[in-house]
Each structure stands twice: as structure tokens, then as C-alpha cells.
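As C-alpha cells, the structure follows; a few thoughts come after it.
The values are calculated or read from the model by the stated rules, or taken from the named source; none is laboratory data. Keep in mind the model is a prediction, meaning the values are calculated, not measured. Here the Cβ positions follow ideal geometry from the backbone for every residue, glycine too, while neighbour counts run over all protein chains shown. Note: areas computed on protein heavy atoms with side chains; ligands, DNA, RNA excluded. Shrake-Rupley method; radii C 1.70, N 1.55, O 1.52, S 1.80 Å.
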Amino acid sequence: MPASPYAIAAVWPWLLAALAFGYVLGSIPFGLIFTRLAGAGDIRQVGSGNIGATNVLRTGRKGVAAATLLADAAKGAVAVLAAGAMAGEPASLAAGLGAVLGHCFPVWLRFKGGKGVATTLGCLAAWSWPLGIAACLLWLLLAVLFRISSLSALLGLALTAALAWLLAVAPPWGHALSSLPLAVVVTITVALVWAMHHQNIARLLAGTEPRIGQSKKT
């Protein structure tokens, strides 16, 4: 039976509130904060100018890069878990999407943020831990095979989105690990991450994308 207009009207404010909550949390620029605290200057003036962990690593501060990776993932996970505890799965999905949007387009930095990989991983782990583990393992495996960080992240997340759909339509055991709404939101989030990597994709197609450990001038 379709939901009544009254039920839909009652849910939307919660979803918008969760989306806004996730956005605010996701917009915290940990990469910028940590590099400044470490005395490494403004990360936006280094390498690609991105505030994510990969660019932080180009400062030579491995500890700062690791802290950025963990913090960016944590803000996605916290947004999902907090919203889910307050208002259930729909709110957790909205909050996770908001967190990735906040990381990619933080209002505090004139909407120029990161590319969303770590935050998406945090959301995946909180939405469904098997999907989170799968995404991390795929990323690591592909990184070992190709030695290209962006390619590993993009392919790993795409495969994770496909897994979310497979589990969502699988027998009952799969439904406990994923759902159709989750698969839809994961797909949207992964598509956003792909869009944020448009320059990397162009370099991959041109064969000029740097490998892991190789310096990047622009």
C-alpha cells in the first residue's frame, strides 16, 4: 500500500534535517586544520590543492595524512550512526549523503573541498559494515595491482555499489546487509565521487595520472 501524503509530509522534515546535519559535519575540513596545526601551511597551496588525505600526504607528513583519512572517514560514520539512532534508516541515508556533499562542497571554503573517498568509506562502514569492509579491501587490492590511488578508489567504490545492489535483491540473508534504498544512495554517492574525480579520469585516459609514491606537480 502506498504511503499516504500525510506520512510523506511527516518524513521529509526529518530527512532534510538529517541531510543538513550530515552536511555540517562533513564540511569540517580536517585536512586543512591538521596541516595547519602541524605547521605544514595551507594544504590548498600544495599539490592539487585538495584538502583530502592523498594531497596531505604530499606534504611529507604521513601521520597527518593518516589522521586526515581517519577523521574524514569518521565524520561520515558519525553522521550516519547519529542520524540513524535518532530517526532510523532513511535519516541515516540522508545524513551520509549530506556528509559527502559537505566534504566535497564545504561552505566554509567557498564550496571547494575534497573528493569524498574517505568520507564515503566511513558512511559505507556505518550503513553496512560488510560493504565498508568490501570497499576497503577492494581499494587496497586494486592499489596493489595498479599502483594508482584514484583508479583504485574509483573502481573499488563502483564495485561496492554493484555489491550493494546484488545484496539488496538477493535472498533474505542479503537483505540484512543491504536494501534497495541503501543501494540507491550508495550509487548516488559513488557517482558524486566519480564526478569529483573528473580531472583524475582525464589523466587516466591520457595515461598521465601519477602512480602511488610518484610526485604530482598539479
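Examine region 101-119 for a residue that is under 13 Å from the mean Cα position of the chain (by Cα), crowded, with 22+ Cβ neighbours inside 10 Å and polar (S, T, N, Q), and state whether such a residue exists. There is at least one residue in region 101-119 that is under 13 Å from the mean Cα position of the chain (by Cα), crowded, with 22+ Cβ neighbours inside 10 Å and polar (S, T, N, Q).
The condition (being surrounded by fewer than 16 Cβ atoms within 10 Å (Cβ to Cβ) and either among the charged types (D, E, K, R) or within 18 Å of the chain's Cα centre (by Cα) (or both)) is satisfied by just one residue among 140, 154, 124: 140. Within region 41-88, track down each residue that is under 15 Å from the mean Cα position of the chain (by Cα) and hydroxyl-bearing (Ser, Thr, Tyr). Correct list: 54, 68. Any residue in region 194-201 that is β-branched (Val, Ile, Thr) and modelled with pLDDT of 95 or more? Checking region 194-201: at least one residue is β-branched (Val, Ile, Thr) and modelled with pLDDT of 95 or more. Sort out which residues of region 127-137 are of a type in the set (A, V, I, L, M, F, W, C) and open to solvent by less than 50 Å² (accessible area, probe 1.4 Å), and write them in order of number. Residues satisfying the conditions are 127, 131, 134, 135. Restricting region 12-40 to residues that are crowded, with 22+ Cβ neighbours inside 10 Å and more than 18 Å from the chain's Cα centre (by Cα), the residue that is nearest to residue 97 (Cα to Cα) is 34.
Filtered by the rule that a residue be within 19 Å of residue 100 (Cα to Cα) and either of a type in the set (A, V, I, L, M, F, W, C) or open to solvent by 10 Å² or more (accessible area, probe 1.4 Å) (or both), region 53-74 gives 53, 54, 56, 65, 66, 67, 69, 70, 71, 73, 74. Beta carbons closer than 6 Å, at least 6 apart along the sequence or on distinct chains, pair a first residue in region 159-172 that is open to solvent by less than 70 Å² (accessible area, probe 1.4 Å) with a second that is assigned to a loop (DSSP other than H, G, I, E, B) for 164/178; 167/177; 167/178; 168/178; 168/179.
Is at least one residue of region 81-92 in contact with a helix residue (DSSP H, G or I) (Cβ under 7 Å, 6 or more places away or on another chain), of a type in the set (Ser, Thr, Tyr) and modelled with pLDDT of 95 or more? Yes, some residue in region 81-92 is in contact with a helix residue (DSSP H, G or I) (Cβ under 7 Å, 6 or more places away or on another chain), of a type in the set (Ser, Thr, Tyr) and modelled with pLDDT of 95 or more.
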